[in-house]
Amino acid sequence: MGELQKSMNQRNNLLEERNSLIEKINSIKQDAYRRKNIYRKEQLSRPISYWIKNDRLLNEIGKTFTIILRTRGCSWALSKYGGCSMCGYYLDANNADVPVADLIEQFNYAFDDKINEIKKDTDNFVFKLFNSGSFLDEKEIPKKVRTYIYEKISKLDKIKEVVIESRVEYITKENLEEISEYFEKKHFEIAIGLETVDDYIRNNYINKGLLFKDFRDALKRCKDMGIGVKVYLLFKPLFLNEQAAIDDCSNSIQILKSLGVNSISINPMNIQKGTLTEYLWFQKRYRPPWFYSLFKCIKKTFDKGGLNNIRILSDPSGAGTKRGIHNCLKKKCENSAKTKLKNFVLTQDITELEQQEYECDCKKNYSLTKDFH
């Protein structure tokens, strides 16, 4: 009876922690909503952003064509559970459903602007379509929009890979079959924000609302259909210091690699507006990670031949600024670190992280303080 009572007390404590986290996230969001933009009709026919840049494909260096659509936003963020503790993308979303015609027009606007550039380019491309939520969520992206985009992209020979994002609850057999109808000859990946393999960190620090067993079920469904999976890992979630972040991310990579995940994107924490992360950052209770920690994590996890069966990506938002992953904020130091990371991602060569073209004095400070931030 004593053990049963102890177990019940632990469960109640976890629920109290979780409810407290959700309450704080929702409180911060309510304040941020007061400053949120109201988008005009003409703005809803244009994407949030789109661009072409150099990137790593599965087996070569090529380019990425990325489009970010403006939608109603992530259903998890819109729910009573408040969404993730670090995510401020809800501020870019519309306050209501975006009509099908406008979503298609957003895609066409970016596609038509870049299609000639893509066709003339000698490089192969990966196409990434983001929408600050789940592409497979019918409430956010209706089927008519999805199939329209699938059909247009599937016909472009220059595009060798396609990446979309989704929470696991929308990765259904029906949605996977729909993808397979269009992309038999292209590598298709569904990017999942797992953040960490640790259920406690994911749900009590990040508020992801996702269990690892549910991720594994979604991974199996994708593998059975011949569809790839890309996993987002959050580097240094709230309440982890530098060393804990290194250990958590390294452990997550090793486990995901053993499960046969195709690609892993390491996303160092950045401070987004209207989030619990920003709230704690303003109070100096959180610091974004150091580049030194990220490099240490990658080198700790892989030896020189360790990237043969998996692709490691990292394109940090706000890198080299106070709101993103950074070292001492000296321009030369930050540019050197960003160059190392970019070269590693493009080449998948771990030795790129060991280049010593610039050694900053801040590394000494990092070595002394890394366990306590």
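The values are calculated or read from the model by the stated rules, or taken from the named source; none is laboratory data. Everything numeric here is computed off the predicted structure, so don't read it as measured data. Please note: Cβ atoms are built from the backbone with ideal geometry, for glycine as well, and neighbour counts cover all protein chains shown.
Count of segment 290-320 residues, restricted to those that are within 16 Å of the chain's Cα centre (by Cα) and either basic (K, R) or assigned to a loop (DSSP other than H, G, I, E, B) (or both), is 7. Just one residue in the set E242, E278 is in contact (Cβ under 8 Å) with a residue 60 or more places away in the chain, over 24 Å from F130 (Cα atoms) and of a type in the set (D, E); that residue is E242. Among the criteria (1) assigned to a loop (DSSP other than H, G, I, E, B); (2) closer than 30 Å to G82 by Cα; (3) in contact with a strand residue (DSSP E or B) (Cβ under 9 Å, 6 or more places away or on another chain); (4) modelled with pLDDT of 95 or more, the one E138 does not fulfil is (3). In segment 201-213 there is no residue that is buried (at least 22 other Cβ atoms within 10 Å of the Cβ) and among the small types (G, A, S).
Could you tell me whether segment 161-176 includes any residue that is closer than 15 Å to F127 by Cα and out of contact with any Leu (no Cβ under 9 Å at 6 or more places or on another chain)? For segment 161-176, residues closer than 15 Å to F127 by Cα and out of contact with any Leu (no Cβ under 9 Å at 6 or more places or on another chain): absent. Would you confirm, using the coordinates I've provided, whether E161 is out of contact with any Lys or Arg (no Cβ under 7 Å at 6 or more places or on another chain), at pLDDT 95 or above, acidic (D, E) and crowded, with 19+ Cβ neighbours inside 10 Å? Considered against the rule, which asks whether it is out of contact with any Lys or Arg (no Cβ under 7 Å at 6 or more places or on another chain), at pLDDT 95 or above, acidic (D, E) and crowded, with 19+ Cβ neighbours inside 10 Å, E161 comes out as no. Scanning for something in contact with a Leu (Cβ under 9 Å, 6 or more places away or on another chain) and under 16 Å from S132 (Cα atoms), does segment 56-65 turn up at least one residue? No.
When A191, A244, A218 are screened for being touching an Asp or Glu at 6+ places or on another chain (Cβ under 8 Å) and modelled with pLDDT of 95 or more, only A191 passes. Scanning segment 146-177 for residues that are of a type in the set (D, E, K, R) and over 15 Å from K223 (Cα atoms) yields R146, E151, K152, K155, D157, K158, K160, E161, E165, R167, E169.
Of the candidates K143, K63, K139, K80, the single residue that is within 26 Å of P316 (Cβ to Cβ) and among the basic types (K, R) is K63.
The residues listed here are I38, I52, I28, I67; of these, the one that is part of a strand (DSSP E or B) and either without any contact (Cβ under 8 Å) to a residue 40 or more places away in the chain or closer than 25 Å to K273 by Cβ (or both) is I67. Condition check: free of Cβ contacts under 8 Å to residues at least 60 places away in the same chain, more than 21 Å from the chain's Cα centre (by Cα) and within 30 Å of I25 (Cβ to Cβ). Does R323 satisfy that? Here the answer is no, as R323 does not meet what is asked.
Look through segment 140-152, keep the residues that are surrounded by 21 or more Cβ atoms within 10 Å (Cβ to Cβ) and under 22 Å from the mean Cα position of the chain (by Cα), and return whichever of them is farthest from H187 (Cα to Cα). Filtering segment 140-152 for residues that are surrounded by 21 or more Cβ atoms within 10 Å (Cβ to Cβ) and under 22 Å from the mean Cα position of the chain (by Cα), the one farthest from H187 (Cα to Cα) comes out as E140.
Of all the criteria given as (1) under 16 Å from C87 (Cβ atoms); (2) out of contact with any helix residue (DSSP H, G or I) (no Cβ under 6 Å at 6 or more places or on another chain), the one not satisfied by E195 is (2).
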